[in-house]
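Please read the structure below before turning to the comments.
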Amino acid sequence: MSDFNIYPVTLDGESVEIKRKEIREYFHKTFDLFERVFKLLNGDEVFYKKSEITRHPMIFYFGHTATFYINKLITMKIIQNRINPNFESIFAVGVDEMAWDDITKTSYEWPSVDAIREYRNRVRLLVDALIMQLPLTLPISKDSGMWIILMGIEHERIHVETSLVLHRQMPLEFIKEVAEFPLCKEVGDAPQNSMVPIGSTHVKLGKDNAHNLYGWDNEYGIHEESVAAFEASKYLVSNGEFMEFVQAEGYENEAYWDEEGREFLEITGAKHPTFWQLEEGVYKYRALSSLIEMPQNWPVDVNALEAEAFCRYKSEKEGITYSLPSEAEYRAICEQVGLEDIPAFNTTNANLNFSNYFSSCPVDKFSFHGIYDVTGNVWQWSRTPMRPFNGFEVHAAYDDFSTPTFDEKHALILGASWASSGNLIMKHSRYAFRKHFYQNAGFRYVISNAKDESERDIYESDALVSQYCEFQYGKEYFGVENFAVACAKIASKYALNKNKALDLGCATGRATYELAKEFAEVEGVDFSVRFVQVGSKLKEEGYVAYTSKEEGELLSHKKVTIEELGFENLKERVSFWQGDACNLKPNFKAYDLVMATNLIDRLYQPKLFLESIHERLNENGVLVITSPYTWQESSTNKEFWLGGYSDENGKEIKTIDALKTILADKFELVHLQDLEFVIKETARKYQHTLSEVSVWRKK
């Protein structure tokens, strides 16, 4: 087990060379573990099967974690050259069930498993070399190149666990036993659960930038909360305890399920937990690679909807209100039992970090001063939605790690599971999933009088996204027409055919909808989900809510609905996707129009985009480029600027001339004009800018 049980690397230390060796070992052991997990698949042909309908075939995940390294290193300009642009496109995104993930949109021509193995080896060699060569000072900070390496390692640790869940959902005929992954052999009757009092306390959640362990963006910041005294179940809910709910026909009684839960039942037809199988009237338990007799004393694996339904059942039965714990209540439990963080915490004293088993174990095995499995065994669903702490900031390399989950639909899971390692087992870790998702997750219940914050309109807390919402959906200022509206009008005027359009660099999506007034289908694509989710939310939920800076810290709250915009009959024509303009997925094609709005001077290699965009357009298709040509090295290394500099002979190089040169073989320039726009910064400060609009028709 020593190959699997490894502690995360701390960010501090006395020796740079020792730290490099620690990171190198952590990287290779993580890379090895991930590949061993895929040894569970019974032959290469299984890589092309889905274990669950809302997921990609397993080949996607096998390639995804390796391409993650390259895409993030490219984004942060640590490397300039890709290893395989095709792989780094098709394996880039699509791992969560969000509107902009293309799980069902397109069936790719997936590469061979051997091709991915060879690709992974090349990535391994590249990252290994970077670990030994990148500039490094201690402690490692968020702006360090080594932080991106750690990000890739921790990302792959996440996928070790989620891949184990997916393999566990795969039919047994496609899974084989792996001797390195032993199950717990301790099986027996379920212990009688009881309640343990938890004293009132004041908790502080979140960590600061000086913390010595790697963290995802949602972990930073601060949230303080006074927690009143409550009671928590001594044990996680076991299979035996949950069996009572199943046998009482809890899945058939709609009174125990909320609207989302009833929808889950209707879609799935579930009558019992997904990892239970009924054979000749007897329930058996699906472990990682085998079907075993029901371990009554192991924790039940359920989604949040099932956990909530059980709490309603138990409340009705006993006349006491039971619920899932809140995030703050869980922290109160941790503090009462004195839970230490790693590396001080010995992970062999809990069922996590692969220290003991590759399965759950009895709920009464690991005690934390009288409360069992405070961490480890299975994750514990909470009643708290994922929300940002005060001071939340995205990391530039992965700005969509958390923001898509700030939608009041993702519930936090707490405490880690047997398959958790790396950041997943840290005290401050925060992960959330949609309530119908399955993870290695169960629950404990509490008796609490806490009044939780009710669901509310979600106002954009991201200053840049809010500014773009104001820019695209707010008022017009100084008599200047809305820029998105004006661009869509120009583009529509020059398009000969109007079947399908691409709004590339769509930001918050206004132009995507405006184009849909003329085009039968419009796809909005942006590099950042922070922006994509705004247009998607307008489609799915019918409104956009954002804050507008007025003065200093004073903000106004604004909300615009799809009806007010007149887009309610257009939403079926639009779709939104995350994508890289310099390396678009192959399914983005056959357009009559591609509109790249204020994008060209923000690309890391704009020439890559220009040299290949003709492949995405139909015959006589139109390319519209708008830009104020504000080149900056923070977005584009100077060697890749198309203009805005003088050459070695002192000649001024203008962007429009470079565009004419690069596009000349495939396009004809048919229109050129200036178009002004105004961006509000505060109530008394505005940016007034001229963007050059160039319209090109494919030859």
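With +1 on the Cβ of every Lys and Arg and -1 on the Cβ of every Asp and Glu, and nothing else charged, how large is the dipole of region 208-315 about its Cα centre, in debye rounded to the nearest 20?
Values: 7 positive and 22 negative charges, 99 e Å.
Around 480 debye, computed over region 208-315.
Take the Cα radius of gyration of region 195-447 and divide it by 2.2 N^0.38 Å, with N its residue count; two decimals is plenty.
Numbers: Rg = 17.9 Å, N = 253, 2.2 N^0.38 = 18.0 Å.
Expressed relative to 2.2 N^0.38 Å, the Cα Rg reads 0.99.
Please report, in Å, the Rg and the Dmax of region 476-698, where both are computed over Cα atoms only.
17.7, 57
Using the Cα centre of the chain as origin and beta-carbon charges of +1 (Lys, Arg) and -1 (Asp, Glu), tell me which of Gln380, Ser326, Phe31 is placed farthest towards the positive end of the dipole.
Phe31
Label Leu464 and Ala255 with points 7 Å out from Cα along Cα→Cβ: what is the distance between them in nm?
Those two pseudo-labels are separated by 5.2 nm.
Pull the list of the chain cysteines that no other Cys approaches to under 4.7 Å, Cβ to Cβ.
Cysteines of the chain left without a disulfide-compatible partner: Cys311, Cys334, Cys469, Cys487, Cys506, Cys582.
What distance in nm lies between label points placed 7 Å from Cα along the C-beta direction at Leu565 and Asn42?
Spacing of the two 7 Å Cα→Cβ label points: 4.9 nm.
Please report, for the Cα atoms of region 238-362, the Rg to one decimal and the Dmax as a whole number; what are they, in angstrom?
16.8, 48
Pop out the ³J(HN,Hα) list for region 133-138 in order, Karplus 6.51 cos²θ - 1.76 cosθ + 1.60 with θ = phi - 60°, rounded to Hz; leave Gly and Pro as x.
Each residue of region 133-138 in turn: 10, 4, x, 9, 10, 10 Hz.
As a check on your grasp of the helix formula, calculate [θ] at 222 nm for the chain: sum -39500 (n - 2.57) over DSSP H runs of n ≥ 4, divide by the residue count, round to the nearest 500.
Working: 16 runs with 199 residues, N = 699.
The helix-only estimate for the chain comes to -9000 deg cm²/dmol at 222 nm.
Hey, what do the phi angles of region 499-513 turn into as Karplus ³J(HN,Hα) couplings, whole Hz, using 6.51/-1.76/1.60 and θ = phi - 60°, x for Gly and Pro?
8, 9, 10, 10, 9, 9, x, 5, 6, 8, x, 4, 5, 4, 5
Considering only Cα-Cα distances, which of the following residue pairs are longer than 31 Å: Lys21/Lys409; Lys489/Lys537; Lys559/Lys638; Lys435/Lys539; Lys72/Lys234?
Distance filter (> 31 Å) returns Lys21/Lys409; Lys559/Lys638; Lys72/Lys234.
Could you tell me the relative contact order of the chain? Use alpha-carbon pairs under 8 Å, at least six residues apart, and round to a whole percent. Show your work: numbers first, answer last.
On the way: 1354 pairs, mean separation 82.5, N = 699.
12 percent.
Exposure proxy check: Phe4, Phe527 ranked by fewest other beta carbons within 10 Å?
Numbers: Phe4 17, Phe527 21.
Ascending Cβ contact count within 10 Å gives the list Phe4, Phe527.
If you place +1 on the Cβ of every Lys and Arg, -1 on the Cβ of every Asp and Glu, and leave all else neutral, what size is the dipole of region 586-643 about its Cα centre, to the nearest 20 Debye? Before the final figure, lay out the partial values.
Values: 5 positive and 7 negative charges, 21 e Å.
Here region 586-643 has a charge dipole of around 100 debye.
Residue by residue, what Karplus-based ³J(HN,Hα) values in Hz, rounded to whole numbers, does region 648-661 have, using 6.51, -1.76 and 1.60 with θ = phi - 60° and x for Gly and Pro?
Using θ = phi - 60°, the values come out as 5, 9, x, 7, 6, 9, 9, 4, 4, 5, 5, 4, 4, 5 Hz.
Which far-off residues, 5 or more places away or on another chain, put their amide H under 5 Å from the one on Tyr431, with H placed in the peptide plane?
Here the answer is Ile413, since their amide H atoms fall under 5 Å of that of Tyr431.
So, with +1 on the Cβ of K and R and -1 on the Cβ of D and E, and no other charges, what is the size of the charge dipole of the chain about its Cα centre, to the nearest 20 debye? Don't skip to the end; give the middle numbers.
Numbers: 76 positive and 107 negative charges, 274 e Å.
Roughly 1320 debye for the chain.
For region 16-174, just run the numbers: alpha carbon Rg, then divide by 2.2 N^0.38 Å, N being how many residues it has.
Details: Rg = 16.1 Å, N = 159, 2.2 N^0.38 = 15.1 Å.
Compared with the compact-globule rule of thumb, region 16-174 sits at 1.07.
Just so you know, all these numbers are worked out from the coordinates, no wet-lab data involved. Note that this is a predicted model, so its numbers are computed, not measured. Heads up, the Cβs are rebuilt from the backbone with ideal geometry, glycines too, and the neighbour counts pull from every protein chain shown.
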